[in-house]
Structures are given as C-alpha cells and as structure tokens.
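The values are calculated or read from the model by the stated rules, or taken from the named source; none is laboratory data. Since we're looking at a predicted model, the values are computed, not measured. Positions of Cβ are generated from backbone atoms using ideal geometry, with glycine treated the same way; all protein chains shown enter the neighbour counts. For the accessible areas, the whole protein counts, side chains as well, though only heavy atoms, and no ligand, DNA or RNA atoms are used. Shrake-Rupley method; radii C 1.70, N 1.55, O 1.52, S 1.80 Å.
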Amino acid sequence: MGGARQWRGARLTNFPRRGRPAPRPVGILGGTFDPVHVGHLRAAIELKSALDLAEVRLIPARLPPHRPQPRAAAEHRLAMLRRAVRGVAGLRVDARELSRAGPSYTVDTLGELRQELGQRPICLLLGADAFAGLTGWHRWQALFELAHLVVMQRPLSAGQAAPPLPAKLAQAIGGRLADSARALRGSCAGVVWRQALPPLDISATRVRALLGAGESARFLVADSCLRYIRHHRLYID
C-alpha cells in the first residue's frame, strides 16, 4: 500500500495439472480513466476475447506516479467508469487503488491480487509506450513474478518501425517472450506476450480538449459518461 505492504512472493506453478483444465487468466487494465473512453473499453473487450480471459478488471489509479495528476477527482472518475462498463459482460471495476494511501504502484496492486487469486494466471495489460517505460516503474522487476505482461500493439503506419526497447528492459524479457497466447495459461506469471489490436486513435487528452472547447465528444465516450460530465461540469476550462 503505497510501498508499505510487503508482498512475500508466489511460487510459480505450471498448468494444467492432471485432470484439471487450465484456469482462465484475469486481465488487469489500469489507468487514470480521466475520462474513460471507448478506446479503453474496446481494448478491454478485444483482449478478453483474443486471450480468453475470465474477466478484465479496470483499476483507476488514485495517484499515478508516472504521469500528471488527473483533472477529475477520484470519485468522478470511478463513477464514470462504473457507468461505462455497466451491462458489459466480463468487464469489472476494481476500486482498490482509490482507497489506498500514497502513490498507486502497480506492484502493490498485483501483490494484493496475487494473494487473493492464488495461482490463477494474471495478465497485466499495457500499452506499448507504458511497456517501453517499464524500467522507470517502482520495483518493476517484481512485476514478472506477479503477472504475465501483455503488450497491446497497434499497427504501424507504412515505413514506420517500432522503436527499440531500452537495453535493461530488453535484457529482462529475454527468454520470457511467448510464441503463442496459450503460454498465458501455462503458468501464473512471468510471460511477455505482444497482442495486436485494431487501430483506434482515441485518447483522454483529445476527449478533454474537445470537452474544454465546448465541442462534442459523442461516440468517443459512452453517453452515460457524457451525461455525468455535463451534470458535474467536468473538464470545462
């Protein structure tokens, strides 16, 4: 909890055990969700389907340590997120970081989830940019002990090449890269898988800019969230 809780570690277990089906992984998608938009929701739905996840938990950060602080208060971001996923099978809001003091460190959240879920595989869902900056995260090397890392990759434009990973990160994932998504069900943590997603160029920054300028953000944000934003006059410059 903000670095106060010490996780004791988990013994990695291979699956499946004889006579038992391999457990379906749980996906974890964190962020500020300031506000939540259809890019977040489509990514969660696409990954749940592609990787056969039992569910995807969307976890809003209280105090993100690696990016500017959110514009909207935690209570508003949580309320919008709950409205956005209402009625969407397999998507679930997990508000644990909002009640935790101090910075919202992913390693602390995964440690709690590992204790709760036992040996069920956990997949930390990351954008390519977040993954490239992983070595700047708090206790980043412990993440491999707690979860699989699924890196969401959007198609590159013609002539564009993916930037190289930092040397320290490239060395850390050596031997962890999977050649099939099935590897995510073969153990509870430690695998890195790159998952291609359809292009969808939407960002919370763009949504906030539209709202601040008095322009429409419809079809970028769920209607229920737009009603909430208007009611509470959020993101008005």
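Points to keep in mind about this one:
- Fraction of beta bridges assigned by DSSP in the chain that are antiparallel (%, nearest 5): 5 percent
- Accessible area per residue in Å² at 1.4 Å probe, computed on region 53-168: 46 Å²
- Treating r as the C-beta distance of A22 and R206 and R0 as 25 Å, the FRET efficiency rounds to 0.05.
- Calculated mean residue ellipticity at 222 nm for the chain: -8500 deg cm²/dmol, from DSSP H runs with n ≥ 4 weighted as -39500 (n - 2.57), summed, divided by the residue count and rounded to 500.
- Kirkwood-based Rg to Rh ratio, region 34-109, C-alpha trace: 0.97
- Using the Stokes-Einstein relation with a Kirkwood hydrodynamic radius computed over Cα pairs, the translational diffusion coefficient of region 9-143 at 37 °C and a viscosity of 0.692 mPa s comes to 208 µm²/s.
- In order along region 56-62, the Karplus-derived 3J(HN,Hα) couplings, from 6.51 cos²θ - 1.76 cosθ + 1.60 at θ = phi - 60°, round to 10, 9, 9, 10, x, 7, 7 Hz, and Gly and Pro are given as x.
- Accessible-area value, R83, 1.4 Å probe, nucleic acids and ligands omitted, Å²: 90 Å²
- Here the chain exposes an accessible surface that is 50 percent carbon and sulfur, computed with a 1.4 Å probe and the other protein chains kept in place.
- Estimated at 0.36 nm per residue, the fully extended path between L177 and R42 surpasses their Cα-Cα distance by 46.1 nm.
- Pair H66, A167: separation of 7 Å Cα→Cβ label points (nm): 2.1 nm
- Diffusion coefficient of region 128-237 by Stokes-Einstein, Kirkwood radius over Cα pairs, 4 °C, 1.567 mPa s: 76 µm²/s.
- More than 25 angstrom apart: percent of Cα pairs within the chain: 43 percent
- Charge tally for D223 (other residues, Cβ to Cβ under 11 Å; Lys, Arg +1; Asp, Glu -1): +4.
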